[in-house]
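The values are calculated or read from the model by the stated rules, or taken from the named source; none is laboratory data. Because the structure is predicted, anything quoted here is derived from the model rather than measured. Positions of Cβ are backbone-derived with ideal geometry, glycine not excepted, and every protein chain shown enters the neighbour counts. Side chains included, ligands, DNA and RNA excluded: accessible areas come from the protein's heavy atoms. Shrake-Rupley method; radii C 1.70, N 1.55, O 1.52, S 1.80 Å.
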Amino acid sequence: MSTMTQEAPFRPAVTPDPSVTAVPFSRLLRVELRKLVDTRAGFWLLAAIGIITLAVIVVFLFAADADQLTYLNFVAATATPQSLLLPVLGILAVTTEWTQRTSLVTFTLEPSRARTAVAKLVAVVLVGLLAVGVALAVAALGNLAGMALQDGAGTWNIEAAGVRDFFVLQLIGVVQGFAFGMLLMNTAAAIVLYYVLPIAWNVLFSLVGALEDAAPWLDLNTAIEPVYEGNTLQGDDWAHVAVSGTIWVLVPLALGVVRLLRREVK
Amino acid sequence: MIIVEQLTKRYGAFTAVDRVSFRAEPGSVTGFLGPNGAGKSTTMRMMAGLTRPSAGHSTILGVPYERLPNPGRHVGVLLDASAQHAGRTGREVLRLGATVMGLPRTRVDEMLEVVGLSGSEGERRIANYSLGMRQRLGIAHALMADPQVLILDEPANGLDPAGIHWMRGLLKSFAERGGTVLLSSHLLHEIEVIADHLVMIGRGSIVADGSKAALLSSVGTLVRGLDARALGRSLDDAGFAYTTTTDQAYVVAATGEQIGTAAVRAGVVVTELRAADGAGLEDMFLQLTSDDAREKVSA
């Protein structure tokens, strides 16, 4: 209790201390990265992404035929579990501020909500990149193990474009989750809508034959399907990703930012 | 120094805060008093840039809150001690705050020590904290950067008597060193013992604002009669200004002699006649509280 009273001189403060400068972005980013892992939910989500990635590699190693044990197939095996879990990371990064009401402290320490939002987005993108990096590394180990243990083909059959598309696929997921979280500001609603809406949308397009041509333009899952099929994204595919990505990622993100800037923090 | 000018917040047709103006001076503790739902928290959120005012503005150290560089270094804010992630430890919360504000990590342990959450308590998750412990953590967070201004919303809530005593000492010494303290409460007695200056709010508007000494000192003469209505008429006839207390007495802007004379003239029996020693403030506060209570019943 004594530390507050040790510097005794009376100093009636009527103006801000001029030596104090704005919070640099690097510190905001550090805090947002730390917030992703310093709770049980955050820690176990990241741990789960790592463990499940490892698990699918091991399962694939022992379940697949020897001629299927190529680097591309190992990488592809990690795509589905990661694309299911990484968006949750993006969602939680924003929604916990509201469900746990930490936004009260966050935005009193940094009144620029836009800066905080950017720091959060950069943080989840960095973790997303890391997760994909881990997946590529674990897949490489799987491929080596395949050659050693299972007499696997072991082909390093993935081009730079394939790696790039793999990153694009997962980053779209993370940012889309983030955008849904920003817009809905509620964990349950964001998670449910994130998974249910695209499925409903997908069903709609497969039921209504007339919409089939429009599907890759309007449905993000259809647009990125080539990546799951082991193909690289070509000219038309990029246009599809750009248009449907705008609808499903950028528009919710923009609306979410507007909502964040206007919202009363309580 | 905090200056609040004409702050107003409307939610549709409802005006939660109505043209609120006051100042909190350096070197003093300003108590922001009002019943629950009077607009204290909304006013404080507007001061911290969390709620956009419908009209009016406020400054801290002469600057709007949003324009303070690294505001945590200038203003310690505690708006709701329970608004913390239940899954974080107390130490982690302070560590996040220290990182944003750019404070050395040693400050975290120092502050845990200051607020009495040292040792294993700092390592516990906030889900397992009592409200009193959350308040201590919130106060630690607010004081961590050794700011010049403190804004605390109901900081005594949940603290035990020893904790309240401790906080009182902490805030007094903070003000004695030149700091500005604004703290809110819905309990008059809690504020009375600590504040130098009182601002009272009821239904969104300021109803009293002044030094504690002035507000609590004589504010007129208290008179009570057998027939309250007849006594009231005699005061009207004599042309005195007065307020009616909740227990059928009157606080009158006149001397005892003047009131006694008026009562005799009207033939009213007076049962109590004395200086209204600060009862005015308490009565005003009770009135505010009971008005709101009535409103809830009829709603």
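Considering each of B:Q248, B:Q287, B:Q258 in turn, give the residue that is modelled with pLDDT under 75, open to solvent by 60 Å² or more (accessible area, probe 1.4 Å) and polar (S, T, N, Q).
Exactly one of B:Q248, B:Q287, B:Q258 is modelled with pLDDT under 75, open to solvent by 60 Å² or more (accessible area, probe 1.4 Å) and polar (S, T, N, Q), namely B:Q287.
Filter segment B:12-32 down to the residues that are surrounded by 17 or more Cβ atoms within 10 Å (Cβ to Cβ), within 28 Å of B:L171 (Cα to Cα), over 13 Å from the mean Cα position of the chain (by Cα) and away from chain A (no Cβ under 14 Å) and list them by number.
Within segment B:12-32, just B:V20 meets the criteria.
Within segment A:27-47, is even one residue more than 13 Å from every other protein chain (Cβ to nearest Cβ), without any contact (Cβ under 8 Å) to a residue 60 or more places away in the chain and either part of a helix (DSSP H, G or I) or open to solvent by less than 60 Å² (accessible area, probe 1.4 Å) (or both)?
Our first condition is that a residue be more than 13 Å from every other protein chain (Cβ to nearest Cβ); within segment A:27-47, this holds for A:46-47.
Imposing the further condition that a residue be without any contact (Cβ under 8 Å) to a residue 60 or more places away in the chain reduces the set to A:47.
Keeping just the survivors that are either part of a helix (DSSP H, G or I) or open to solvent by less than 60 Å² (accessible area, probe 1.4 Å) (or both) gives A:47.
Yes, because at least one residue in segment A:27-47 is more than 13 Å from every other protein chain (Cβ to nearest Cβ), without any contact (Cβ under 8 Å) to a residue 60 or more places away in the chain and either part of a helix (DSSP H, G or I) or open to solvent by less than 60 Å² (accessible area, probe 1.4 Å) (or both).
List the number of the failed condition for A:L183; all other conditions in (1) open to solvent by 20 Å² or more (accessible area, probe 1.4 Å); (2) more than 25 Å from A:Q68 (Cβ to Cβ); (3) among the aliphatic types (A, V, I, L, M); (4) in contact with a Ser or Thr (Cβ under 8 Å, 6 or more places away or on another chain) hold.
Exception for A:L183: condition (4).
Scan segment B:33-45 for residues that are in a loop (DSSP other than H, G, I, E, B) and either closer than 17 Å to B:T8 by Cα or open to solvent by 30 Å² or more (accessible area, probe 1.4 Å) (or both) and report the count.
Number satisfying all stated conditions: 5.
List the helices (runs of 4 or more DSSP H) inside segment B:70-182, counting only whole elements, that have at least 2 residues being within 26 Å of the chain's Cα centre (by Cα) and more than 10 Å from chain A (Cβ to nearest Cβ).
Values: elements: B:90-101, B:106-114, B:120-123, B:131-143, B:161-176.
Ranges flagged: B:131-143, B:161-176.
Output yes when any residue across segment A:82-93 is of a type in the set (S, T, Y) and within 14 Å of chain B (Cβ to nearest Cβ), and no when none is.
No - not one qualifying residue is present in segment A:82-93.
Name every residue in segment A:219-266 that is within 14 Å of A:V168 (Cβ to Cβ), in contact (Cβ under 8 Å) with a residue 60 or more places away in the chain and open to solvent by 40 Å² or more (accessible area, probe 1.4 Å), in order of residue number.
Across segment A:219-266, the qualifying residue is only A:Y228.
Report whether or not A:G133 is crowded, with 17+ Cβ neighbours inside 10 Å and either away from every other protein chain (no Cβ under 12 Å) or modelled with pLDDT of 95 or more (or both).
Answer is no for this residue.
Part of a helix (DSSP H, G or I), under 23 Å from B:R95 (Cα atoms) and away from every other protein chain (no Cβ under 14 Å) - does that describe any residue in segment A:100-118?
Scanning segment A:100-118, I find at least one residue that is part of a helix (DSSP H, G or I), under 23 Å from B:R95 (Cα atoms) and away from every other protein chain (no Cβ under 14 Å), so the answer is yes.
Going through segment B:189-201 one residue at a time, which ones are part of a helix (DSSP H, G or I) and either closer than 26 Å to A:T15 by Cβ or open to solvent by 10 Å² or more (accessible area, probe 1.4 Å) (or both)? Quick ask: steps written out before the conclusion?
To start, the set of residues in segment B:189-201 that are part of a helix (DSSP H, G or I) comprises B:189-192.
Answer for segment B:189-201, where residues must be part of a helix (DSSP H, G or I) and either closer than 26 Å to A:T15 by Cβ or open to solvent by 10 Å² or more (accessible area, probe 1.4 Å) (or both): B:H189, B:E190, B:E192.
Specify which of the listed residues (A:S83, A:S112, A:S103) is open to solvent by 30 Å² or more (accessible area, probe 1.4 Å) and hydroxyl-bearing (S, T, Y).
Just a single option satisfies the conditions, and that option is A:S112.
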